[in-house]
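S.K.: Next up is a structure, given as structure tokens.
The values are calculated or read from the model by the stated rules, or taken from the named source; none is laboratory data. A quick note: this is a predicted structure, and the numbers were derived from the prediction, not measured. As a convention, Cβ positions derive from the backbone with ideal geometry for all residues, glycine included, and neighbour counts pool all protein chains shown. The protein model used for the area step is the full one, side chains on, heavy atoms only, and it has no ligands, DNA or RNA in it. Shrake-Rupley method; radii C 1.70, N 1.55, O 1.52, S 1.80 Å.
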Amino acid sequence: MITTNLDKLKNYAENYAKKSGTVLNPDLEARESVLNGLAKHKEELGKPLCPCNFYPDKQEEVKRRKWICPCDEMQIFKYCHCLLFTTEEGVPITEYLPEWHEGRQIYGLVKDPFPDKGRTLAKFEKIYQNLKEHAQEYNVRVSEEDIKSWAEKVSKK
Ligand code: SF4
């Protein structure tokens, strides 16, 4: 069963990478490890919950949907913190994240080679909500105004 899920997930991931203007991480070990984690969650929970986070309650997390692959972060910012969907160089795109976000802190500025693809949820309200939650979760001191102006800047019009 896990093998079937794994095959399906590989297909899905290849298609999604093409659609979103990313590639599957050229580091095969890193790529396989994320795909295996997703397949395990698909088997266990019925959904490909992101394997790179800790969840106090996985069933509750599935209901929230925020971290079902492709997660909100991927669909809003084209940022995959698991490093499954990356650039050709194997790094995640961070161009749409504000400087205080952990993705920018870790990887610096990584430009999007295909800005016309992906980011289907990059609307102002979604970006604003996501960044607010992120700032709270990571205890980042950032003003409401800064979050709003960043959301305005990177939202798809
Ligand atoms: S970070 Fe998001 S896009 Fe990347 S593997 Fe996890 S759920 Fe999927």
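S.K.: Can you pull out the residues in the range 1-12 that are touching a Pro at 6+ places or on another chain (Cβ under 9 Å) and not aromatic (Phe, Trp, Tyr)? Full working, then the answer.
M.R.: Step one: filter the range 1-12 for residues touching a Pro at 6+ places or on another chain (Cβ under 9 Å), giving 5, 9, 12.
If the condition is that a residue be touching a Pro at 6+ places or on another chain (Cβ under 9 Å) and not aromatic (Phe, Trp, Tyr), then Asn5, Leu9 are the ones that fit.
S.K.: Please go through the range 37-54 and give me each residue that is more than 10 Å from the ligand (Cβ to nearest atom) and closer than 22 Å to Arg119 by Cα, ordered by number.
M.R.: Kept after step one, since they are more than 10 Å from the ligand (Cβ to nearest atom), are these residues of the range 37-54: 39-40, 42-47, 54.
Residue satisfying the conditions is Lys47 alone.
Here is a yes/no grid of residues against (1) of a type in the set (S, T, N, Q); (2) under 26 Å from Lys153 (Cβ atoms); (3) in contact (Cβ under 8 Å) with a residue 40 or more places away in the chain:
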| residue | (1), (2), (3) |
| --- | --- |
| Asp7 | no, no, no |
| Asn15 | yes, no, no |
| Glu29 | no, no, no |
| His41 | no, no, no |
| Pro51 | no, no, no |
| Asp57 | no, no, no |
| Glu61 | no, no, no |
| Trp67 | no, yes, no |
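S.K.: Which condition number does Glu89 fail, the rest of (1) more than 13 Å from the ligand (Cβ to nearest atom); (2) touching a strand residue (DSSP E or B) at 6+ places or on another chain (Cβ under 9 Å) being met?
M.R.: The number of the failed condition is (2).
S.K.: Still on this structure, please answer the following. For His134, all conditions in the list (1) more than 28 Å from Leu6 (Cα to Cα); (2) under 16 Å from the mean Cα position of the chain (by Cα); (3) open to solvent by 30 Å² or more (accessible area, probe 1.4 Å) hold save one; what is the number of the exception?
M.R.: Just one mismatch for His134, condition (3).
S.K.: Next up: Looking at (1) surrounded by 15 or more Cβ atoms within 10 Å (Cβ to Cβ); (2) part of a helix (DSSP H, G or I), which one does Leu121 not meet, given that it meets all the others?
M.R.: (2)
S.K.: Here is a list of conditions, (1) in contact with a Gly (Cβ under 6 Å, 6 or more places away or on another chain); (2) open to solvent by 100 Å² or more (accessible area, probe 1.4 Å); (3) of a type in the set (Val, Ile, Thr), and Ile106 meets all of them except one; can you say which number that is?
M.R.: Result: Ile106 fails condition (1) only.
Let's see how each residue does on (1) among the hydroxyl-bearing types (Ser, Thr, Tyr); (2) farther than 24 Å from Tyr16 by Cα; (3) touching a residue at least 24 places away in the same chain (Cβ under 8 Å):
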{"site": "His81", "(1), (2), (3)": "no, no, yes"}
{"site": "Lys111", "(1), (2), (3)": "no, no, no"}
{"site": "Arg119", "(1), (2), (3)": "no, no, yes"}
{"site": "Gln136", "(1), (2), (3)": "no, yes, no"}
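S.K.: Moving to a separate point now. Among (1) part of a loop (DSSP other than H, G, I, E, B); (2) open to solvent by less than 60 Å² (accessible area, probe 1.4 Å); (3) more than 11 Å from the ligand (Cβ to nearest atom), which single condition is Tyr128 missing?
M.R.: Here Tyr128 clears every test but (1).
Residues are listed down the side, and each one gets a yes or a no for (1) aromatic (Phe, Trp, Tyr); (2) within 9 Å of the ligand (Cβ to nearest atom):
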| site | (1), (2) |
| --- | --- |
| Lys63 | no, no |
| Trp67 | yes, yes |
| Cys71 | no, yes |
| Cys80 | no, yes |
| Leu84 | no, yes |
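S.K.: Right, next: Quick check, is Asp57 modelled with pLDDT of 95 or more, surrounded by fewer than 22 Cβ atoms within 10 Å (Cβ to Cβ), within 11 Å of the ligand (Cβ to nearest atom) and more than 21 Å from Asn11 (Cβ to Cβ)?
M.R.: no
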